[in-house]
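Notes follow the structure.
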Amino acid sequence: MKKSIKNQLKSFTVICIVALSLTSCLQKKEAKNVAATSNKEIAKPSQDIHEAIIANNFEVVKQHIANGSDINKIETMSGSTPLLTAVTFNKPKIVAALLQAKVDLSIKNNDGSTALHTAAFFGRTETVKMLLDAGADKTIKNNFGATPRETVLSDFSQMKPVYEMLIKQLQPMGFTLDLAEVEKARPVIAMMLQ
């Protein structure tokens, strides 16, 4: 049990590092252009897809999808995909759009976590349900040997410092997390992932 908790703490420390590295994508900008497609003008996205997600710019995300941008684009520093970014920053509308666009649910970030691992860890019940409904594999293990369910099985009090650290470090990017809600959601998510 202690080894499992240690592995979970390592895993979520890596998630923190991964999330912080998303800031690198905020410095990338794409030029505005217009592309003609089937007699319909589609504006080229004005922001990187990860940046648009963090900024909750749904219109730019839709432009990426409409323009055929790589919706599985891996952010090089963290290995996060647009789906992982949307899950981390609690953007369920963007998650739904990416799922509808048939994003790959099995891609792992640098610590081996899928979007389902991340949604479970952050207590995002609605997102966990969306991912399961879309066919996300709940048996995939991250680099620390934990399934999405195992990320929520440890005692909340042991994980609370990790959550607090993530809040402090990601808050400048607009990240929010209600710890009371996470504590309530963890057992519900564990049941969902059985």
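The values are calculated or read from the model by the stated rules, or taken from the named source; none is laboratory data. Nothing here was measured: the structure is a model prediction, and the numbers come from that model. Here the Cβ positions follow ideal geometry from the backbone for every residue, glycine too, while neighbour counts run over all protein chains shown. Note: areas computed on protein heavy atoms with side chains; ligands, DNA, RNA excluded. Shrake-Rupley method; radii C 1.70, N 1.55, O 1.52, S 1.80 Å.
Structure notes:
- Neighbours by Cβ (under 7 Å, 6+ apart or cross-chain): first from the range 173-185, open to solvent by 50 Å² or more (accessible area, probe 1.4 Å); second of a type in the set (Phe, Trp, Tyr) and part of a helix (DSSP H, G or I): Glu183/Phe156
- Helices (runs of 4 or more DSSP H) contained entirely in the range 41-136, each with at least 2 residues that are more than 16 Å from Thr147 (Cβ to Cβ) and open to solvent by 40 Å² or more (accessible area, probe 1.4 Å): 58-66, 92-100, 125-133
- Residue list for the range 142-157, restricted to those being out of contact with any Lys or Arg (no Cβ under 7 Å at 6 or more places or on another chain), in a helix (DSSP H, G or I) and either open to solvent by less than 30 Å² (accessible area, probe 1.4 Å) or within 21 Å of Gly112 (Cα to Cα) (or both): Glu150, Thr151
- Lys160 meets the stated requirement of being open to solvent by 40 Å² or more (accessible area, probe 1.4 Å) and outside any loop (DSSP other than H, G, I, E, B).
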